[in-house]
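Working notes for the structure below.
The values are calculated or read from the model by the stated rules, or taken from the named source; none is laboratory data. Since this is a predicted model, take the numbers as computed values, not measurements. A quick note on method: Cβ atoms are made from the backbone with ideal geometry, for glycine too, and the neighbour counts reach across all protein chains shown. For accessibility, only protein heavy atoms count, side chains too; no ligands or nucleic acids. Shrake-Rupley method; radii C 1.70, N 1.55, O 1.52, S 1.80 Å.
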Amino acid sequence: MSLICNYFSFMSLLKKQIAALSIFCCALQFAYADGFLDPHSPKIEDTPVELRFGFERLQLPHDEMMGMVGGGYLLQAMPGLYIGPAAYGAITGQRGGFFTGGGEVAIRKPLYERLDIEGGIYVGGGGGGSASVGGGLMLRPHLDLLWRFNQFSVGISASQVRFPNGHIDSKQFGVSLAMDGDFMYSSPLAQGSAVITNVRGGLGFDRIAGVIGNYHPGYDVKDLNGNLYSGSLGYAGFRVDQFVSDSLYWGIESGAAVKGGADGYAEVLGLLGVEYPAIQKTIKVGGRVAFGMGGGGRIPVGGGALAKAGLYARTQITQNIFVALEGGVVRAMNGDFKSNYANMQLGLDLDTRSGQETSRTIRKMEWAASGQQYRHAIRYGGSKNNLELMGFKIDHYLSPNTYLSAQAHSAFAGNAGGFSVGLIGLGGRTNLSPAGLFAGAEMLIGAAGGGGVDAKGGATAQAMVYGGIDLYGKSRLKLGVGRVRSAKGALNSNAVDVTLSFPFGVPGK
């Protein structure tokens, strides 16, 4: 009987996830259909993208107000239709640590001369900040009026934010900013081919780095339970940078707690930095400032606004791999948290600054939307319940059959709203038949917490084996089984994964 129940539970998850993920990947297929007319050609194609940002104030139960910012990277799947990953988080109020991640679909049409109208819906999972989000599923339908300039648009937004199995249902106006760009890509079968171009490919970042470090809170800083911090808080994450000149760059960084009893803490920040050669051009030094949002794990960040400033030195280990050491300060803008920090970064150079035509190599990548289920995930009170998550994965291939994977997943069902996990690691796959069958495995490490799930400290590992099939050479369906385990907590569950992915090539270093 138990086996039969498990079977029907798995099939229910499978049907729900395939239905949702099929919409995502079918739209991406329309966006890139032209790039597969000659699958072995390194010819560079492009599709328009819209980088979206917004701010609005939500009304929570008991007339509490929370300022929320959002961002999305939406690709034009067909004229006027945009789809892609998006995320939202608290930045003012009392709910620092509130984050959700998911996907958005939007339709944008000209209304009058430079005036556009855009309507869409965001579906995501998450929560945190002790907000009443239930299982974590968030819906945000919206309608925007946007005034177009050359490469960007500004406007106003009317939206509803609702957690169907929680107690948040808010209607509000906000402001929005949209920046237009191009997503440059090629066929994934052209992997390893050389191409002459003056543009970056994919998301356009020049480097990516994994980060591990420690916060050292001030002697007078107390957590939300009123306890003084007596040691350091360990965190891990990643950052991506893009250079706008030889020395000036911007980027995005994210991180989450992995030790020190702050599991559930997470942060996402935008950054601006400078970097110069120092010693015979083998060592570079730089500085950066960052601003964004963070919270959770009982860290006193108030509404969630966070600022950082740091100095660092970096050196190349190989032609494309570097290591960096950094130190600085971090402070909550409207909370009590203040701390020094130190971290180490291990990174990979992806590309060089655009502007001059140069020879680039086609590198294979995959974007994927996934649904996962943790079986009988244990809570701090000792109870166990299945936990369902939605997520986004980016795989960067290091060779034809091995790849670096970065993943983020957030709960949307299972009464654990606010639980999220971020993972990074290595994977490998092999073809099983000419019909497109393949198999593979991944080993990932990262941070998890929130939602009452017993992931003490935050450090988490996940191992997964999977099988799959290529769908007409344009997308891939993968079914995986594995294990997710907290390093110090009681979380130790079987995991089931359903993934729809889209492979493509990007010009890079």
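Things to note:
- Remark: VAL465 falls outside the filter, which requires a residue to be out of contact with any Gly (no Cβ under 9 Å at 6 or more places or on another chain) and over 24 Å from GLU267 (Cβ atoms).
- Test for ILE156: is it over 20 Å from the mean Cα position of the chain (by Cα), in a strand (DSSP E or B) and either surrounded by fewer than 21 Cβ atoms within 10 Å (Cβ to Cβ) or not small (Gly, Ala, Ser) (or both): yes
- Cross-chain or 6+ apart pairs with Cβ under 9 Å, the range 401-418 first and touching a residue at least 12 places away in the same chain (Cβ under 8 Å) and on the phi > 0 side of the Ramachandran plot, then in a loop (DSSP other than H, G, I, E, B) and of a type in the set (Val, Ile, Thr): GLY418/VAL133
- Candidates ASP454, ASP470, filtered to the one that is over 30 Å from GLY127 (Cα atoms) and of a type in the set (Asp, Glu): ASP470
- With respect to the conditions (1) assigned to a loop (DSSP other than H, G, I, E, B); (2) under 16 Å from ASN492 (Cα atoms), ARG375 lacks only one, and its number is (1).
- Considering (1) open to solvent by 50 Å² or more (accessible area, probe 1.4 Å); (2) touching a Gly at 6+ places or on another chain (Cβ under 9 Å), the lone condition that ASN150 does not fulfil carries the number (2).
- The lone exception for ILE117 - which of (1) modelled with pLDDT of 90 or more; (2) over 30 Å from GLU326 (Cα atoms); (3) crowded, with 20+ Cβ neighbours inside 10 Å it fails: (3)
- Test: residue in the range 442-452 that is under 21 Å from TRP367 (Cβ atoms), without any contact (Cβ under 8 Å) to a residue 60 or more places away in the chain, among the acidic types (Asp, Glu) and surrounded by 19 or more Cβ atoms within 10 Å (Cβ to Cβ): yes
- Filtered residues of the range 467-479 (kept if in a strand (DSSP E or B) and crowded, with 20+ Cβ neighbours inside 10 Å): GLY468, SER475, ARG476, LYS478
- Test for ALA463: is it in contact with an Asp or Glu (Cβ under 8 Å, 6 or more places away or on another chain), in a loop (DSSP other than H, G, I, E, B), at pLDDT 95 or above and aliphatic (A, V, I, L, M): no
- ASP220 being open to solvent by 20 Å² or more (accessible area, probe 1.4 Å), under 23 Å from SER339 (Cα atoms) and not hydrophobic (A, V, I, L, M, F, W, C): yes
- Some residue of the range 229-236 being more than 26 Å from GLY457 (Cβ to Cβ), at pLDDT 90 or above and open to solvent by 10 Å² or more (accessible area, probe 1.4 Å): no
- For the range 490-500, the set of residues classified as surrounded by fewer than 23 Cβ atoms within 10 Å (Cβ to Cβ) and in contact with a Cys (Cβ under 8 Å, 6 or more places away or on another chain) is empty.
- In the condition set (1) open to solvent by 10 Å² or more (accessible area, probe 1.4 Å); (2) touching a strand residue (DSSP E or B) at 6+ places or on another chain (Cβ under 7 Å); (3) not basic (Lys, Arg), PHE504 is compliant with all but (1).
- Tally, over the range 241-250, of residues that are in contact with a Phe, Trp or Tyr (Cβ under 8 Å, 6 or more places away or on another chain) and either among the acidic types (Asp, Glu) or at pLDDT below 95 (or both): 5
- Selection from the range 340-350 of residues that are surrounded by fewer than 19 Cβ atoms within 10 Å (Cβ to Cβ) and either in a loop (DSSP other than H, G, I, E, B) or not acidic (Asp, Glu) (or both): ASN340, ALA342, MET344, LEU346, LEU348
- Considering the range 71-80, and only residues there that are under 19 Å from PHE55 (Cβ atoms) and crowded, with 21+ Cβ neighbours inside 10 Å, the residue that is farthest from the chain's Cα centre (by Cα) turns out to be LEU74.
- Test: residue in the range 351-362 that is in a strand (DSSP E or B), in contact with a Lys or Arg (Cβ under 6 Å, 6 or more places away or on another chain) and touching a residue at least 60 places away in the same chain (Cβ under 8 Å): no
- Enumeration of residues in the range 159-192 that are open to solvent by 30 Å² or more (accessible area, probe 1.4 Å) and not in a strand (DSSP E or B): PRO164, ASN165, HIS167, LEU189, GLN191, GLY192
- When ILE83 is tested against (1) open to solvent by 50 Å² or more (accessible area, probe 1.4 Å); (2) within 22 Å of GLY204 (Cα to Cα), exactly one condition is not met: (1).
- Residue within the range 312-326 that is among the polar types (S, T, N, Q), free of Cβ contacts under 8 Å to residues at least 60 places away in the same chain and in contact with a Ser or Thr (Cβ under 8 Å, 6 or more places away or on another chain) present: yes
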